[in-house]
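Participant: Have a look at the structure that comes next, please.
The values are calculated or read from the model by the stated rules, or taken from the named source; none is laboratory data. Computed from a predicted model, the values in this text were never measured in an experiment. Ideal geometry is used to build each Cβ from the backbone, glycine not excepted, and the neighbour counts take in all protein chains shown. Just so you know, the surface numbers come from the protein's heavy atoms only, side chains and all, with ligands and any DNA or RNA stripped out. Shrake-Rupley method; radii C 1.70, N 1.55, O 1.52, S 1.80 Å.
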Amino acid sequence: MAVNPETAHRTVGAANPPQLRAIRLRRQRIFKAIVLTLTLLFLFIPLASMLLFTVRHPLSGQWSLAPWQAIFTGNGESLGADLTVLWEGLGSSLLLCVVTVVIMLVLMVPTMVIVHIRSRRLERAIEWVATLPLTIPAIVLVVGLGPIYRWLSADVFSTDPVWLCFAYVVLVMPFAFRSIAVGLNSIDVKTLVEASRSLGASWPRVFFRVIIPNLWQSILSASFISIAVVLGEYTVASLLGRMNLQVALYQLGQSNSQVSTAMSLLALMFGVILLVALDLISTAMRTSKEGK
Amino acid sequence: MTLADQKAAVAEASESFIDNELGATVTEAAQAVLEDSTERGGGIRMQHVDKIYPGAASKALDDFNLDIKPGEMVVLLGGSGCGKSTALRALAGLEDIQAGRILVGGQDVTATPVNKRNMAMVSQAYSLFPHMTALQNVEFGLEVRGMKKAERRRIAMEKLELVGLTDQAGKYTQQMSGGQQQRVALARALAISPRVLLLDEPLSALDAKVRVQLRDEIRRIQLETGTTTVFVTHDQEEALAVADRIGVMNHGRIEQIAAPQDLYQRPATEYVATFIGLTNRLPGGSNGSEAVVFGQRVPLLEGSKQGPLVAVLVRPEALTLTPAETNTSNVGEHARVETIHFLGALVRVDTVISSGEWQRWNGGEQLRVTVQLPASELPAGLAIGSDVVVAPRAVPALAV
Ligand SMILES: Nc1ncnc2c1ncn2[C@@H]1O[C@H](COP(=O)(O)OP(=O)(O)O)[C@@H](O)[C@H]1O
Ligand SMILES: [Mg+2]
């Protein structure tokens, strides 16, 4: 009789005296701790270095909070830095966040819901299309977007950076798709739709009163991830010659790299806070429904 | 008898009159009058409905016809894939149909969208809205209809009381058992006072005890509220327990629709006879109205086949069993007892016919005969291996 090696192993493990098992558990725990520490170091050393860089002048070695003061007072003259470009970039990036998220939601949520109900095959096709931007390097994307934007800015809209939103919707699509798909797969959309339809609900009511409330978490996470992507976007804006936060940071970095680094840190922090908030909100929402 | 019942009775009488007496001469106008009378009764009628799913090889509904009287509970019974759910969904408007029409109270609703049909459905899949409490779920249909908050809360509480769940009003889906969820779904469906309540195997996902309990409760509530109901199931016991009439479905159409008793005693086809209850397939000679089975004359049901050697479908309780040594009758066939099942007041005895002749008729398989009799009539000393004589009683049977 063939012995399944896996079960055989398990049987031996179960027969081990408890001390041996305790030792193995402890070893596992130590291993986990080491991996976690290394990962955190890998992530935080660059951040810590950035922080250090903003408060200690690289040439003179002098410690000073001047770059942070400049950002929070909005006055960079003492450092010889012109912060107007920074405000301009920040403004357009924030506006882009809002516009991109709105377009993304209006475009993707209804489409994905309808496709999810109607056709599994089409859903897979859309998944494939939505994932494409992830596999195409931004620089290749720009080669295609260049002529379109030349035409857009000359004949349709203006050179205002807010029109980058169309390109950004494409960029955030893979992430947004994932988040929304997770939500759709976690509820039985078809059954809920049919139940509400047969109870007399019109399509808009089904959508806003039944589907959206159940997708709330996914919509939130899709939005937050999109915001994070838009705030961090540099290549497309830069190559298309539009101003956004990252482009501004780069330009500022040419004249005052300390202020630029401080601002980058802030943007990063903002992203982290968003994601933590997302996590907290979804946990709170879950417990409020499951708890007493 | 309520007014609605009377109207329905009149409608039915006039319909059978026209069908029987005038047959083909019935005019379009008479048909219209007839439909009008069904309308006042508020009945449901599905006529010549065809449904073909995109890419499917055969029709899911094939010339499907169904008439439901107001306040009636019709069960659609059939094996998996025979089109029960499709029929229900077509009636609800959840599936479009390729041919035929659907009338509610005489009005053609074939083109009416789901949300305007005023039919409520409870499906096998748990369908409560997870972001709402039980009470909010029940209120949903009333909210859709623009009812004031206080009023709809009152009605919703009333329906929750009907299903015995007032204490669960504030609970969310995840905090309720499967049975409780289906009760809430039932309350939610009843809250809108639907023209028809559609139940698509609402009990399939529940465990046996809850299933029986809830099934009886559904019937009680249905009778109490007088709601016209279509109940779909593949479980014959469930069907027999709740139905006014059972429609046995096969290959996308109803093979026979009748009261449970009639269906059992007067099956129209072999499929129906074998689907409901146990039945023995015994060899016999038939002249179309009478058959001779094991030397015994058996009256035949309408639609029976004619021929020197046909299969006669005989119920286990329509057979007698006598120990061979005490047998004095010259009818019957010798058999050997295989198993004896005690079912409380009844006993079921499985036997195998001894004669090799019938084994050949049965395609080489041993011909097994199941006899059911009251425990008090079980011959004393009967044991496994006993030699007995089995013979049919003169109870109407179907020859196929
Ligand atoms: N959405 C669908 N697409 C294609 N075929 C379907 C679909 N739903 C049901 N069918 C087919 O139609 C037939 C009837 O299905 P259904 O009404 O669900 O049967 P039942 O409820 O009696 O088990 C089956 O053969 C089934 O495979
Ligand atoms: Mg079904």
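Participant: Out of B:Ser355, B:Ser286, B:Ser329, which single residue is of a type outside the set (A, V, I, L, M, F, W, C), more than 16 Å from B:Arg393 (Cβ to Cβ) and in contact with a Gly (Cβ under 9 Å, 6 or more places away or on another chain)?
Facilitator: Numbers: B:Ser355 fails: in contact with a Gly (Cβ under 9 Å, 6 or more places away or on another chain); B:Ser329 fails: more than 16 Å from B:Arg393 (Cβ to Cβ).
One residue alone meets the criteria, B:Ser286.
Yes/no matrix, rows are residues, columns are (1) loosely packed, with under 12 Cβ neighbours inside 10 Å; (2) of a type in the set (Lys, Arg); (3) under 16 Å from the mean Cα position of the chain (by Cα):
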site	(1), (2), (3)
A:Thr100	no, no, yes
A:Trp128	yes, no, no
A:Leu134	no, no, yes
A:Gly144	yes, no, no
A:Ile148	no, no, no
A:Pro161	no, no, no
A:Leu164	no, no, no
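Participant: For segment B:61-83, indicate whether the set of residues that are polar (S, T, N, Q), within 13 Å of ligand 2 (Cβ to nearest atom) and in contact with a strand residue (DSSP E or B) (Cβ under 9 Å, 6 or more places away or on another chain) is non-empty.
Facilitator: From segment B:61-83, those polar (S, T, N, Q) are B:65, B:80; that's our starting set.
Subsequent filtering for residues that are within 13 Å of ligand 2 (Cβ to nearest atom) retains B:80.
Applying the additional criterion that residues be in contact with a strand residue (DSSP E or B) (Cβ under 9 Å, 6 or more places away or on another chain) yields none.
No, every residue in segment B:61-83 fails to be polar (S, T, N, Q), within 13 Å of ligand 2 (Cβ to nearest atom) and in contact with a strand residue (DSSP E or B) (Cβ under 9 Å, 6 or more places away or on another chain).
Participant: Please find, within segment B:193-223, the residue that is nearest to ligand 1 (Cβ to nearest atom) out of those that are part of a loop (DSSP other than H, G, I, E, B) and open to solvent by 10 Å² or more (accessible area, probe 1.4 Å). Outline the logic, then answer.
Facilitator: We begin by selecting, within segment B:193-223, every residue part of a loop (DSSP other than H, G, I, E, B); these are B:193-195, B:201-207.
Restricting the remaining residues to those that are open to solvent by 10 Å² or more (accessible area, probe 1.4 Å) gives B:193-195, B:201, B:204-207.
Numbers: B:Ser193: 26, B:Pro194: 20, B:Arg195: 22, B:Glu201: 8, B:Ser204: 10, B:Ala205: 14, B:Leu206: 17, B:Asp207: 21 Å.
Here the answer is B:Glu201.
Participant: Please work out which residue is surrounded by the fewest Cβ atoms within 10 Å (Cβ to Cβ), limiting yourself to segment B:134-166 and to residues that are away from every other protein chain (no Cβ under 14 Å) and more than 15 Å from B:Gln182 (Cα to Cα). Explain how you work it out, then say what you get.
Facilitator: Initially, segment B:134-166 is screened for residues away from every other protein chain (no Cβ under 14 Å), giving B:135, B:148-151, B:153-154, B:157-158, B:160-166.
From what is left, the residues that are more than 15 Å from B:Gln182 (Cα to Cα) are B:148-151, B:153-154, B:157-158.
Working: B:Lys148: 10, B:Lys149: 10, B:Ala150: 7, B:Glu151: 11, B:Arg153: 17, B:Arg154: 12, B:Met157: 16, B:Glu158: 14.
Per the stated criteria, the residue is B:Ala150.
Participant: Follow-up question, since we're still on this one. Can you find even one residue in segment A:147-156 that is in a helix (DSSP H, G or I), in contact (Cβ under 8 Å) with a residue 60 or more places away in the chain and in the same structural domain as A:Val99 (by TED's automatic domain parsing)? Explain how you work it out, then say what you get.
Facilitator: Looking only at segment A:147-156, we keep the residues that are in a helix (DSSP H, G or I), and these are A:147-156.
Those still in the list that are in contact (Cβ under 8 Å) with a residue 60 or more places away in the chain too: A:149.
In the following step, the residues that additionally are in the same structural domain as A:Val99 (by TED's automatic domain parsing) were identified as A:149.
Within segment A:147-156, one or more residues are in a helix (DSSP H, G or I), in contact (Cβ under 8 Å) with a residue 60 or more places away in the chain and in the same structural domain as A:Val99 (by TED's automatic domain parsing).
Participant: Give just the number: which of (1) in contact (Cβ under 8 Å) with a residue 60 or more places away in the chain; (2) of a type outside the set (Val, Ile, Thr); (3) within 14 Å of chain A (Cβ to nearest Cβ); (4) more than 16 Å from ligand 2 (Cβ to nearest atom) does B:Ala187 not satisfy?
Facilitator: Of the numbered conditions (1) in contact (Cβ under 8 Å) with a residue 60 or more places away in the chain; (2) of a type outside the set (Val, Ile, Thr); (3) within 14 Å of chain A (Cβ to nearest Cβ); (4) more than 16 Å from ligand 2 (Cβ to nearest atom), the odd one out for B:Ala187 is (1).
Participant: If the requirement is being under 15 Å from B:Arg253 (Cα atoms), away from chain A (no Cβ under 14 Å) and either under 17 Å from the mean Cα position of the chain (by Cα) or modelled with pLDDT under 95 (or both), which of these qualifies: B:Asp108, B:Asp67?
Facilitator: Details: B:Asp108 fails: under 15 Å from B:Arg253 (Cα atoms).
Checking each option against the conditions leaves just B:Asp67.
Participant: Need a quick list: strands (runs of 3 or more DSSP E) entirely within segment B:224-264 having at least 3 residues that are more than 16 Å from ligand 2 (Cβ to nearest atom).
Facilitator: Values: elements: B:229-233, B:245-250, B:253-258.
Answer list for segment B:224-264: B:253-258.
Participant: Looking only at residues in segment B:40-57 that are within 16 Å of ligand 2 (Cβ to nearest atom) and part of a loop (DSSP other than H, G, I, E, B), which one is surrounded by the fewest Cβ atoms within 10 Å (Cβ to Cβ)? Walk me through how you get there before you give the answer.
Facilitator: Filtering segment B:40-57 for residues within 16 Å of ligand 2 (Cβ to nearest atom) gives B:51, B:53, B:56.
If we keep only those that are part of a loop (DSSP other than H, G, I, E, B) as well, we get B:53, B:56.
On the way: B:Tyr53: 13, B:Ala56: 9.
The selected residue is B:Ala56.
Participant: Could you please find all residues in segment B:269-287 being under 28 Å from the mean Cα position of the chain (by Cα), open to solvent by less than 50 Å² (accessible area, probe 1.4 Å) and in contact (Cβ under 8 Å) with a residue 60 or more places away in the chain?
Facilitator: Within segment B:269-287, B:Thr269, B:Ala273, B:Phe275, B:Ile276, B:Asn280, B:Leu282 qualify.
Participant: Taking segment A:99-128 only, how many residues are more than 20 Å from A:Leu215 (Cβ to Cβ) and modelled with pLDDT of 90 or more? Give the derivation first.
Facilitator: Step one: of segment A:99-128, the residues more than 20 Å from A:Leu215 (Cβ to Cβ) are A:99, A:121, A:125, A:128.
Subset that is modelled with pLDDT of 90 or more: A:99, A:125, A:128.
Final tally of qualifying residues: 3.
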